[in-house]
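First the structure, in the form of structure tokens, and then the observations on it.
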Amino acid sequence: MARTALPGRLSPRLEWRVATLADFVDETATARTLLLDVPGWPGHLPGQHVDVRLTDEDGYSTQRSYSLAAPADGERVELTIQRVEDGEVSPYLADTLAVGDPIELRGPVGGWFLWHPSRTAPVLLVGGGSGIVPLMAMVRARRQARSRAPFRLIYSVRTPMDLIYASELRRSARDDGGLDITTVYTRSAPEAWPRPPGRLGLDDIERFGWPPQFEPTCFVCGPTGFVEHVATTLVHLGHDPRRIRTERFGPTGG
Amino acid sequence: MVTNAYEYEDGNALAGPLSELFAVDVTAATGRCVSCGDTGRVADLRVYVNAPGYVARCPGCDHVMLRLVRSPDAAWLDLQGTLSLRVPMPPG
């Protein structure tokens, strides 16, 4: 079994590794999944992330944190990068990095926002935009482990064109027993979609999430404002703040 | 300048930088704020990354609990806003 960093577990000091782009998948007009080969990768748990470091020819170096998009698979690591228009790192990763190119990567890191496939308690996942990425790692890990943990995913996106992992999520909703998926559109919805476009609200979370009495673990990931809004709503609905785990991306998320 | 009320990330952003200093994952640790006495996960702190380095504030009272600056040959960690840090550990 791959060595995996666990919370509280003593781990070898993290080092920067050279990763090579093996392939990529364009998910939307602005999001690309990078399939990276990372020699010596120690494994990870869904929800963990990595730091990516780019260094310019003149030595200027900058780094960003990205969620791992898929469960551990040997030395293969998947990141889904949402391009931030005036970003310093994401446009390079999403547009310029070519197959065979190297980048530096350090991880896995983060021991709080993670789901262990041996857990059986109900889980509520709420993702806004590219906040779906670490939640998708959990959905994929659940399927891989043949887990029957009850999962509900609420995915908030602006328009149908912004859906990341659209076809896989459709398949998962059909084939992964015990996984319910609700997509909430905030700007424009597909024709005949039952819910009119609008911000994810208390009604949505109450209707498509779990009742607090079920004591679900809630994972919320997205832009900071979205995460604040959802976490506050969950507490308002009666969820124990200790079971709400959040991951926000701030203004420099890219 | 337009100020954005959400110009911060969360404590998870400290996981990598702090891993250079600590043998355990500090984002899962529970910290107590010097100012208001509240306890919470380091993962839930409000982290401002636009300053040189990282400034992490208490989500309850906004007091600075942790500052971390990395230079090419040193790391400078200021924890004067943190009264205590409870770190989950495997049985010793």
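Assorted remarks:
- Ranked from largest, the principal axis spans of the Cα set of the protein assembly as shown equal 59, 51, 50 Å.
- Helix A:166-175 and the long axis of chain A differ in direction by around 50°, with both axes built from C-alpha atoms.
- Once both labels are positioned 7 Å from their Cα atoms along Cα-to-Cβ, the gap between A:T120 and A:S61 label points is 4.7 nm.
- Chain A: angle of helix A:132-144 to the longest principal axis, Cα-based, in degrees nearest 10: 80 degrees
- Converting phi to 3J(HN,Hα) with the Karplus coefficients 6.51, -1.76 and 1.60 and the offset θ = phi - 60°, the stretch A:151-160 yields 10, 10, 10, 10, 10, 9, 9, 5, 9, x Hz in sequence order, with x at every glycine or proline.
- The chymotrypsin sites (Phe, Trp or Tyr not before Pro) of the stretch A:10-109 that DSSP puts in a loop, and whose beta carbon has at most 15 other beta carbons within 10 Å, are A:W16, A:Y60.
- Fraction of antiparallel bridges per DSSP, the stretch A:36-173 only, in percent to nearest 5: 70 percent
- Enclosed volume per residue, in Å³, of the convex hull spanned by Cα atoms of the stretch A:57-106: 106 Å³
- The slack in the chain from A:A173 to A:D23, taken as 0.36 nm per residue of separation less the alpha-carbon distance, amounts to 51.4 nm.
- Rounded to the nearest 20 debye, the dipole magnitude of chain A is 1180 debye, with +1 charges on Lys and Arg beta carbons, -1 on Asp and Glu beta carbons, and the Cα centre as origin.
- Prolate/oblate/rounded call for the stretch A:87-200, Cα gyration tensor, a/c under 1.5 rounded: oblate
- Share, in percent, of DSSP beta bridges within the protein assembly as shown that are antiparallel, nearest 5: 70 percent
- Relative contact order, whole percent, for chain A stands at 19, derived from Cα pairs under 8 Å and 6 or more residues apart.
- Estimated distance in nm for a label pair at B:D38 and B:V69, the labels positioned 7 Å out from Cα along Cα-to-Cβ: 2.7 nm
- 10 Å Cβ neighbours from other chains, averaged over peptide A:145-151: 0
- Estimated at 0.36 nm per residue, the fully extended path between A:T159 and A:Q213 surpasses their Cα-Cα distance by 16.2 nm.
- Relative contact order (percent, whole number), chain B, Cα cutoff 8 Å, 6+ residue spacing: 26 percent
- Residues in the stretch A:227-249 reached by a label modelled at B:T30 [backbone nitrogen below 15 Å; 7 Å Cα→Cβ]: A:241-244
- Rounded tilt (10° steps) of A:224-236 against the dominant C-alpha axis of chain A: 40 degrees
- Three-way shape call for chain B based on the alpha-carbon gyration tensor, with the a/c threshold at 1.5: oblate
- Prolate/oblate/rounded call for the stretch A:162-221, Cα gyration tensor, a/c under 1.5 rounded: oblate
- The separation of the stretch A:86-113 from the stretch B:16-35, counted between C-alpha centres, amounts to 24 Å.
- Entry note, the stretch A:95-192: relative contact order of 26 percent, from Cα contacts under 8 Å with a spacing of 6+ residues.
- Counting only DSSP H runs of at least 4 residues, each contributing -39500 (n - 2.57), and dividing by the residue count of the protein assembly as shown, the helix-based mean residue ellipticity at 222 nm comes to -4000 deg cm²/dmol.
- Selected from A:R140, A:R170, A:R158 as most flexible by GNM, with chain A as the system and alpha-carbon contacts under 10 Å: A:R170
Just so you know, all these numbers are worked out from the coordinates, no wet-lab data involved. If you're wondering where the values come from, they're calculated on a predicted model, not measured in any experiment. Positions of Cβ are generated from backbone atoms using ideal geometry, with glycine treated the same way; all protein chains shown enter the neighbour counts.
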